[in-house]
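**Student:** Here it is, the structure in full.
Read-outs: derived from the displayed coordinates by stated rules, not from any lab. Note that the structure is a prediction, hence the values are computed from the model and not measured. Every residue, glycine as well, gets a Cβ built from its backbone with ideal geometry; the counts of neighbours run over all protein chains shown.
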Amino acid sequence: MFTAREQEALDEVKKTFIKRGFLIQQAELDLIKSVGRGAAGQTYLAKYKDHDVAVKKYSQDILRNDLPSVINEMKFMLDLEHKNIVPFEGIVLELEPPSVMLVSTFAINGDLLDAIHRRKKFADSPLEEKVVTAMGIAEGLQFIHKAGIIHRDVKCANILLSDSMTPWIADFGFSRLIDRVNTMTGETGSYRYMAPEVIKASKYSDKADVYSFGVCINELFTNEQPFRGTQPYEAARNVVLLGVRPDYRRVPNVTLQKLIRACWQANESRRPSWSLIVGVLQEVLDDIEMEKKLEATRIAENKREFTRVSDTIRGRTDNDRERSKAEKDRDSGKPSSDNDDRGVQRNEDPRNHQPGTDNDTGIRGFFRKFKR
Ligand SMILES: Nc1ncnc2c1ncn2[C@@H]1O[C@H](COP(=O)(O)OP(=O)(O)O)[C@@H](O)[C@H]1O
Ligand SMILES: [Mg+2]
């Protein structure tokens, strides 16, 4: 199946991975079930050394037609280690019969696309949680770019969610794979996330990932698939020819709306840097935190005010009771049993006279009845 040159390249890869301790024997994996199908092949949930892993089994078609992309992806995974990159566990590389697999830690919460639309993981989550997710994605992509790699296929299906809902960027080295027409349409949905310059197949930079990031987080904040109801190819055409973008109006924060729109500007040089993106997201988080504190203060103030008002009312009611008792005692000729007549005096003092204290209606009346 492989040419002599390809065999040579694969031997080289094998040596590197053995040296680094990342070569897995197929027999060490216990494939359990399929969890996803993408452009490169089928991905399975499997057991490896007693824990759950994801195994991407490259299709024979990809091995035959696009081996350089497969090798790229493996090498990138070996070198990229970051809290927002899917942890790499190793590769299976067997030539007879050809069996090439990429093994990563299993993301228990699936991919972001599923989490938004099928599992509804974010349906009731506060904005803060989504901003933290967006921040993780931004930090992962920032790291990739610093390592000199453009992802080129940033989309919700390629962002995984760990057990603690930490976003993990997955599916690397796809630039050449996504150039293949059959992988750009239909199921993979990449077109909906692609920057105009990528669609046009003109020269593009890491800013293409910034564009796709904007589309992804817009989907996260609005729970809406980009260009829903429009065919991917038509959506892509509208993006390039008409400058159409996904609907951002349901993003519940103006700063986030501005950030998203900045990310998907047609002029790639005007799209923000990762440090600006991370900075803006942090600001939004700080604002949410501040708003929470203000709200807590408002509640505390309201409580204090409530206590003050009810104390005043209760004080008045006590005074009224004391006064009527004193009046009764006086009428029956008994000396006042109340040794503390401050309340009576306070009520008799015209300066302390409060409107409404002389009748038995309203809040005072309620309290009086309530006390009986
Ligand atoms: N580590 C993982 N944990 C859980 N699910 C995964 C993992 N890796 C991939 N998947 C699932 O498999 C799908 C395809 O994997 P991906 O690496 O994107 O392959 P492809 O190159 O074929 O698109 C993903 O969209 C996701 O749903
Ligand atoms: Mg994928």
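**Student:** Which of the residue pairs LYS120/LYS293; LYS75/LYS146; LYS121/LYS303; LYS83/LYS121 have a Cα-Cα distance greater than 24 Å in the structure shown?
**Tutor:** Cα-Cα > 24 Å for LYS120/LYS293; LYS121/LYS303; rest within.
**Student:** Under a crude label model (7 Å from the Cα following the beta-carbon direction), how far is LEU294 from ASP30 in nanometres?
**Tutor:** In this crude label model, LEU294 to ASP30 measures out at 5.6 nm.
**Student:** Using only the Cα atoms of the stretch 112-286, what are the Rg and Dmax in Å?
**Tutor:** 14.8, 44
**Student:** Find the eigenvalues of the gyration tensor of the Cα atoms of the stretch 8-105, then list the square roots of 5 times those eigenvalues as equivalent ellipsoid semi-axes, largest first, in whole angstrom.
**Tutor:** Here the semi-axes work out to 18, 16, 14 Å.
**Student:** Next up: What is the stretch 240-308 by shape, rounded, prolate or oblate, if you read a ≥ b ≥ c off the alpha carbon gyration tensor as root eigenvalues and call it rounded for a/c under 1.5, prolate for a/b larger than b/c, and oblate otherwise?
**Tutor:** Judged from the Cα gyration tensor, the stretch 240-308 comes out oblate (a/c at least 1.5, b/c at or above a/b).
**Student:** If the viscosity is 0.890 mPa s and the temperature 25 °C, what Stokes-Einstein diffusion coefficient in µm²/s follows for the chain when Rh is the Kirkwood radius over Cα pairs?
**Tutor:** Translational D for this selection: 98 µm²/s.
**Student:** Please give the helix 4-19 orientation as an angle from the longest Cα principal axis of the chain, in degrees from 0 to 90, rounded to the nearest 10.
**Tutor:** Its long axis makes an angle of about 40 degrees.
**Student:** Moving to a separate point now. Please tell me the relative contact order of the chain in percent, rounded to the nearest whole number, where contacts are Cα pairs under 8 Å and at least six residues apart.
**Tutor:** Over the chain, the number comes to 11 percent.
**Student:** Now a separate question. Pairs of Cα atoms under 8 Å, at least six residues apart: use those to get the relative contact order of the stretch 112-286, whole percent.
**Tutor:** About 24 percent, as a whole number.
**Student:** If you don't mind, another one. Below 20 Å, Cα to Cα, which aspartates and glutamates can LYS328 reach? Residues fewer than 8 away in the same chain don't count.
**Tutor:** ASP318, ASP320, ASP338, ASP340, ASP341, GLU348, ASP349, ASP358, ASP360
**Student:** Anything over 25 Å Cα to Cα? Flag those among LYS155/LYS207; LYS19/LYS207; LYS57/LYS200; LYS130/LYS292, in the order listed.
**Tutor:** LYS19/LYS207; LYS57/LYS200
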